[in-house]
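Presented below is the structure to which this report refers.
Read-outs: derived from the displayed coordinates by stated rules, not from any lab. Fair warning: this is a prediction, and the values are worked out from it, not measured in the lab. All Cβ positions, glycine included, derive from the backbone under ideal geometry; neighbour counts span all protein chains shown.
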Amino acid sequence: MPIQATAICGNDISSSCLYVSALTIIYAGQYAWVSLLIVALVLFLFRKIYGEVVGALPLNGGAYNVLLNTTSKRMASFAACLTILSYMATAVISAYEAMFYLHDIINGLPLMISTAILLAIFMALSIMALANQQKLR
């Protein structure tokens, strides 16, 4: 059970690290596994902290909550803004990569426009989910 819990708690952090694994392979070549093993080791060593942060507030506010308890409100708010920017950058990169792969299948697909449309679809789905959640309360 602790291995599964560690995997769940570190998923958010590790997914950001694993986004660059392809770049690691490009530069490190056959020794890329060493750097990825170091990432896994660091995540394993901090698993209890990640578990506490994720458990602090289940809706991606764990980092803000932990910093609010340990630093000033201004510093916690600054970290929360950086976290939101990180999520937005990850969403844009993921959407662009998805459209880049689709571009290989559908010739002539405009990458920027299709990326914006994909992000708009997911934005609409998120807003509908939030509105639906408000109705349930």
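The phi-based Karplus calculation (6.51 cos²θ - 1.76 cosθ + 1.60; θ = phi - 60°) puts the 3J(HN,Hα) values of the range 129-137 at 5, 5, 5, 5, 5, 5, 5, 6, 7 Hz, whole numbers, x for Gly and Pro. On the basis of the beta-carbon distance and an R0 of 35 Å, Val39 and Ala120 show a calculated FRET efficiency of 0.60. A crude spin-label estimate for the pair Thr70 and Asn107, with each label 7 Å from Cα along the Cβ direction, gives 5.5 nm. A Förster distance of 41 Å, applied to the separation of the beta-carbon atoms of Leu82 and Gln30, puts the FRET efficiency at 0.75.
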